[in-house]
1. Does residue 371 meet the test of being within 16 Å of the ligand (Cβ to nearest atom), over 30 Å from residue 115 (Cβ atoms) and out of contact with any helix residue (DSSP H, G or I) (no Cβ under 8 Å at 6 or more places or on another chain)?
2. Give segment 225-235 a look and list any residue that's within 10 Å of the ligand (Cβ to nearest atom) and over 21 Å from the mean Cα position of the chain (by Cα), or say none.
3. Any residue in segment 244-258 that's touching a residue at least 60 places away in the same chain (Cβ under 8 Å) and within 22 Å of residue 426 (Cα to Cα): show its pairings with residues that are more than 10 Å from the ligand (Cβ to nearest atom) and in a helix (DSSP H, G or I) at Cβ separation under 9 Å, as long as the two are six or more apart or on different chains.
4. Do the conditions hold for residue 474, that is, is it at positive phi and not in a strand (DSSP E or B)?
5. Give segment 120-163 a look and list any residue that's part of a strand (DSSP E or B) and more than 16 Å from the ligand (Cβ to nearest atom), or say none.
6. Which ones in segment 220-258 are closer than 20 Å to residue 471 by Cα and not in a helix (DSSP H, G or I)?
7. If residue 439 satisfies every condition in (1) touching a helix residue (DSSP H, G or I) at 6+ places or on another chain (Cβ under 9 Å); (2) farther than 18 Å from residue 302 by Cα but one, which is the exception?
Ligand code: NAD
């Protein structure tokens, strides 16, 4: 294998795609072979024999058996096991971060940052394992007391997106674990190897405590394994991260059986830049938010809503900064933008640019497919800035690529109206030095998103605060 870190993570050239968690929990799956392609050079990394219907049954039944014991273990003891998972992840931070980069294309610092989030949420969960408080209430009946007690739900299905291939699993699995739940993970078919690596890393902890079935993995198509999970009454909660389109399907199917969902779906995040804003600060935040992870974060900045009087200066300076972004192999030091995840993302971005053009949009820079020396089959594109009007229809869609729209406004009420006039509601930001604007933005009549930032960009999440969005972003909350 071309990369040393693959063997450190137990990745072989052909891997099985289902496990109940322990080191001998891998099932000899016999579904279709799935080849994982690196967006860096368009070349295969390794392949996975996907799970079939029989493997699915084995995993679910094992999880059901494991749940019966796991839920009886005291929560602080479950917390201790989660602590050891956090510890072992610390040892593998670098190779796992590198694999995230290789399989998904985000730069190495971001790949490692993602693993750090896994470690952080493990720490958070350990603390939480001693804080599963409930209220006590005075009863209106004599000689009675009332109290709330949190009970585990059972099996939790965790369906994850390609762009945070490992962190999102831990956001769900670590919290579920301390609550006494067991998780079954179905990762994106674009990033199966990172999921296999995570299971390999945590297997020694599972072996040590003999808790096979608490953290399971099923790799298979959304239309097969995913559908089986969302239709399965043995799984009372499905936590799904992905596109709004898939989220609607999952919400409908799970809702029909009155199961529960946590839906973390698409965003269309904007920054309002007012006439008095610190422009340098706003430009830095925009660059980081729109170009970081090649525009493939759910919280990526997709729209700048800027006061007319400062628009031109902002655009000129931003375009200059865009041209200086080092684009290349995300495993190399000094590179700030890697590839997008697949060829389709390039096609979708170029199609969005064309649609915006048809509605009078003006391309300021970027949007060309790049052919990099030695990485000719990789999926690289130059990040684009487009000036459009607020009512341009494509602006209301989430294009999962480094495409930023600039929309000008004249008065602040218009800015807020444009800001909220999209179906999604994940993250938002305002750059201003005016307290009145700031307070209006943060009030219930301001940003309609789950996350509202002031003088800091839209992207990024901290595990200490509840993360999630409103409207078509699904209403789910994860972490704090
Ligand atoms: P996607 O919707 O294509 O896939 C998400 C997951 O759903 C994958 O594991 C996929 O296999 C699975 N799936 C597909 N069909 C299914 C079905 N019928 N039943 C069950 N599962 C099914 O998303 P993606 O392209 O991997 O990720 C990008 C999207 O995710 C973007 O829209 C982004 O904004 C969103 N996202 C949101 C958040 C958030 O927290 N709000 C975080 C990360 C990504």
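The values are calculated or read from the model by the stated rules, or taken from the named source; none is laboratory data. None of the values given here were measured: they were computed from a predicted structure. Cβ: placed from backbone, ideal geometry, glycine included. Neighbour counts: every protein chain shown.
1. So residue 371 fails the test.
2. Selection gives 228, 231.
3. From residues that are touching a residue at least 60 places away in the same chain (Cβ under 8 Å) and within 22 Å of residue 426 (Cα to Cα), there are no pairs.
4. For residue 474, the condition - at positive phi and not in a strand (DSSP E or B) - is met.
5. 136, 137, 138, 145, 146, 147
6. Selection gives 238, 239, 240, 241, 242, 243.
7. All conditions are met except number (1).
Residue-wise test of (1) modelled with pLDDT of 95 or more; (2) part of a loop (DSSP other than H, G, I, E, B).
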position: 2; (1), (2): no, yes
position: 7; (1), (2): yes, no
position: 12; (1), (2): yes, yes
position: 42; (1), (2): yes, yes
position: 46; (1), (2): yes, no
position: 82; (1), (2): yes, no
position: 86; (1), (2): yes, no
position: 98; (1), (2): yes, no
